[in-house]
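Heads up, the thing below is written out as structure tokens.
The values are calculated or read from the model by the stated rules, or taken from the named source; none is laboratory data. What you see is a predicted model, and the numbers here were worked out from it, not measured in a lab. Cβ placement follows ideal geometry from the backbone for every residue including glycine, while neighbour counts extend to all protein chains displayed.
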Amino acid sequence: MHSTAPARTESPVAAKMSTLDRFLPLWIIGAMALGLLLGKFVPGLAAALDSVKVANVSLPIAVGLLVMMFPVLAKVRYNETGRVLADKKLMITSLVINWLAAPAFMFALAWLFLPDLPEYRTGLIIVGLARCIAMVLIWNDLACGDREAAVVLVAINSVFQVLAFGLLGWFYLQWLPDLLGLPTTSSEFSFWAITLSVLVFLGIPLLAGFLTRTVGEKAKGQAWYEDRFLPKIGPWALYGLLFTIVVLFAFQGDEITSHPGNVARIALPLLVYFVVVFAVGMIIGKALHLGYEKTTTLAFTAAGNNFELAIAVAIGTYGVASGQALAGVVGPLIEVPILVALVYVALWARPRLFPSTSEHGAKQA
């Protein structure tokens with residue numbers, strides 16, 4: 001986004017952010033409220049939005065996500081991704097947290113908080129299996145994390161998502177509960193639906209971002225590209241984010257507003273999950289001396305979840321009106337405001353936990 005570069009200097013952070021970025025929590029709350037109101041009071045809106053699909057992918061959500069992700073991915077310096085892949089500590093730690101620790105933690109929270117509500121419990125477990133590949137790039141960018149590292153980790157998560165989602169679904173919904181003497185749940189996930197979700201929500205904007213930087217720098221030079229072009233497209237990332245939030249909450253606005261008690265029960269374990277996983281990522285990154293930028297990226301890529309995929313899988317497997325689908329929709333209801341708050345926590349912690357990194361970042365900004 002257009003304000004990210006100035007925000008990389010030291011505090012006061014808020015004074016260096018644009019009005020759009022500074023009041024982001026308010027815009028997001030407003031977008032969520034608008035979506036809920038539209039879903040509640042506009043008859044047939046959710047059905048109309050859901051009917052606009054291309055190969056089973058919701059077109060409104062796809063458009064919003066593409067607009068949201070393109071500016072962020074156009075900012076990435078792709079020639080620097082080699083240094084990220086060479087950082088074995090970051091790569092291994094990210095894989096362990098994302099694909100071993102986080103899904104296991106969500107499984108435990110789902111059973112601890114929702115032992116009597118199997119549909120919601122299953123939906124939460126699916127959310128825990130869907131590792132973030134989209135919106136995490138926004139949070140990471142706002143928190144001044146390492147863009148190149150974020151793209152590499154997201155790409156790795158995408159590959160693992162295609163290869164491992166179905167297997168992990170069987171493990172956590174059937175094999176492990178059976179081993180522990182708990183009720184099991186169907187886990188017949190479509191390999192092609194998962195692959196298509198990854199290709200649409202990551203592949204298209206990633207290719208567009210790479211080609212835009214390559215062509216733009218070749219035609220006009222790096223200085224023009226980064227100083228003039230990127231600031232112009234930067235705000236569109238937040239416009240796309242807000243549009244996506246409105247559409248997502250319009251889908252199940254009536255369901256959410258009609259059952260606030262159920263939403264609260266789903267929300268509590270999600271709140272614990274996002275805060276704890278983010279904190280663990282920050283602590284581990286600090287302990288491994290990864291520096292602020294990579295530590296922040298590690299924490300956000302671990303805490304964020306691919307709610308688009310979780311919702312698609314829940315609807316495709318259990319139905320649009322199912323409790324599993326509602327749990328998937330409650331995911332971003334909690335994730336968006338919590339991770340926005342954690343952006344500010346990360347920026348607050350930067351000069352306190354990573355003073356040398358902050359000084360270096362200020363000199364490089």
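Within the stretch 111-130, how many residues turn out to be closer than 18 Å to H259 by Cβ and out of contact with any Asp or Glu (no Cβ under 9 Å at 6 or more places or on another chain)? Write out each step before concluding.
Keep residues of the stretch 111-130 that are closer than 18 Å to H259 by Cβ, which gives 113-114, 116-124, 127.
Next cut, out of contact with any Asp or Glu (no Cβ under 9 Å at 6 or more places or on another chain) only: 113-114, 116-124.
Going through the stretch 111-130 one residue at a time, the tally reaches 11.
For the stretch 87-101, which residues satisfy the criterion of being part of a helix (DSSP H, G or I) and out of contact with any Phe, Trp or Tyr (no Cβ under 9 Å at 6 or more places or on another chain)?
To start, the set of residues in the stretch 87-101 that are part of a helix (DSSP H, G or I) comprises 88-101.
Result: K88, K89, L90, M91, I92, T93, S94, V96, I97, L100, A101.
Could you tell me which of the residues N157, N140 is at pLDDT 90 or above, buried (at least 18 other Cβ atoms within 10 Å of the Cβ), among the polar types (S, T, N, Q) and under 21 Å from G281 (Cβ atoms)? Please lay out each step first, then the result.
Details: N157 fails: at pLDDT 90 or above.
N140 is the lone residue from the list that is at pLDDT 90 or above, buried (at least 18 other Cβ atoms within 10 Å of the Cβ), among the polar types (S, T, N, Q) and under 21 Å from G281 (Cβ atoms).
Kindly provide the set of residues from the stretch 231-257 that are surrounded by 18 or more Cβ atoms within 10 Å (Cβ to Cβ) and of a type in the set (V, I, T), ordered by number.
T244, I245, V246, V247, I256
Need pairs with beta-carbon distance below 6 Å; first residue assigned to a helix (DSSP H, G or I) and within the stretch 102-126, second of a type in the set (K, R) and surrounded by 22 or more Cβ atoms within 10 Å (Cβ to Cβ); sequence gap 6+ or separate chains.
These pairs meet every condition: A110/R121.
Does G145 fit the bill of being within 13 Å of T296 (Cβ to Cβ), buried (at least 24 other Cβ atoms within 10 Å of the Cβ) and in contact (Cβ under 8 Å) with a residue 12 or more places away in the chain?
Numbers: within 13 Å of T296 (Cβ to Cβ): yes; buried (at least 24 other Cβ atoms within 10 Å of the Cβ): yes; in contact (Cβ under 8 Å) with a residue 12 or more places away in the chain: yes.
Judged against the criteria, G145 is a match.
Tally the residues that are buried (at least 16 other Cβ atoms within 10 Å of the Cβ) and not aliphatic (A, V, I, L, M), restricting the search to the stretch 204-230.
9
Within the stretch 223-323, which helices (runs of 4 or more DSSP H) (wholly inside it) include 2 or more residues that are out of contact with any strand residue (DSSP E or B) (no Cβ under 9 Å at 6 or more places or on another chain) and of a type in the set (D, E)? Full working, then the answer.
Values: elements: 230-233, 235-251, 253-258, 260-287, 292-303, 307-318.
In the stretch 223-323, the matching helices (runs of 4 or more DSSP H) lie at 253-258.
Which numbered condition in (1) surrounded by fewer than 23 Cβ atoms within 10 Å (Cβ to Cβ); (2) touching a residue at least 40 places away in the same chain (Cβ under 8 Å); (3) over 29 Å from P235 (Cα atoms) is the only one that K88 fails?
Of everything listed in (1) surrounded by fewer than 23 Cβ atoms within 10 Å (Cβ to Cβ); (2) touching a residue at least 40 places away in the same chain (Cβ under 8 Å); (3) over 29 Å from P235 (Cα atoms), K88 misses just condition (2).
Out of the residues in the stretch 258-282 that are within 19 Å of the chain's Cα centre (by Cα) and closer than 17 Å to I311 by Cα, state the one that is surrounded by the fewest Cβ atoms within 10 Å (Cβ to Cβ). So that I can check it myself, show each step before the final result.
Kept after step one, since they are within 19 Å of the chain's Cα centre (by Cα), are these residues of the stretch 258-282: 266-282.
Filter once more, keeping what is closer than 17 Å to I311 by Cα: 266-267, 270.
Numbers: I266: 30, A267: 18, L270: 25.
That would be A267.
For the stretch 227-269, name all the residues that are among the acidic types (D, E) and either touching a residue at least 24 places away in the same chain (Cβ under 8 Å) or over 21 Å from L73 (Cβ atoms) (or both). Spell out the reasoning first.
Filtering the stretch 227-269 for residues among the acidic types (D, E) gives 227, 254-255.
D254, E255, listed by residue number.
Has the stretch 27-44 got any residue that is charged (D, E, K, R) and in a helix (DSSP H, G or I)? Full working, then the answer.
Narrowing the stretch 27-44 to residues charged (D, E, K, R): 40.
From the residues that got through so far, the ones that are in a helix (DSSP H, G or I) too are 40.
Checking the stretch 27-44: at least one residue is charged (D, E, K, R) and in a helix (DSSP H, G or I).
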